[in-house]
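Worksheet: the structure to be examined is printed underneath.
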Amino acid sequence: MGISIKLMKKQSIEERLAVIEARNGKVEADKAWETSWTRRISIMILTYLVVVAYLHFVVRIDPWINAIVPVIGFMLSTLTVRVIRKLWKGSQV
């Protein structure tokens, strides 16, 4: 009887470990997506298209050059946030 209880506990721990490992894999994938250039470029393209539509239909000006300003701002912010984050992490130690 003692052996079967130990086996149940062992299986339970192994199952819990499998769940934790699966969750860690998802967290790592989410983290990789958050810092990926694919995500950044997708956001830049969508931002550009939304601003072009806004400038064309609402403000009624030639939007093609003017719409690039928020995209450049976003790109610069993604590049500088990494530096700011490293500085912040260094001050937390």
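The values are calculated or read from the model by the stated rules, or taken from the named source; none is laboratory data. As the structure is a computational prediction, the values presented were derived from the model and not from experiment. Side chains are part of the model used for accessible areas, which takes the heavy atoms of the whole protein and leaves out ligands, DNA and RNA. Shrake-Rupley method; radii C 1.70, N 1.55, O 1.52, S 1.80 Å.
Can you tell me which residue in the stretch 31-89 is least open to solvent (accessible area, probe 1.4 Å), limited to those that are of a type in the set (Ser, Thr, Tyr) and not in a helix (DSSP H, G or I)?
Within the stretch 31-89, the subset of a type in the set (Ser, Thr, Tyr) is 35-36, 38, 42, 47-48, 54, 77-78, 80.
Now drop any that are not not in a helix (DSSP H, G or I), which leaves 35-36.
Values: Thr35: 64, Ser36: 25 Å².
The selected residue is Ser36.
Once the stretch 6-30 is narrowed to residues that are over 24 Å from the mean Cα position of the chain (by Cα) and among the hydrophobic types (A, V, I, L, M, F, W, C), the residue that is least open to solvent (accessible area, probe 1.4 Å) is Ala18.
Return yes when Ser42 is small (Gly, Ala, Ser) and at pLDDT below 90 and no when it is not.
Values: small (Gly, Ala, Ser): yes; at pLDDT below 90: no.
No: the conditions fail for Ser42.
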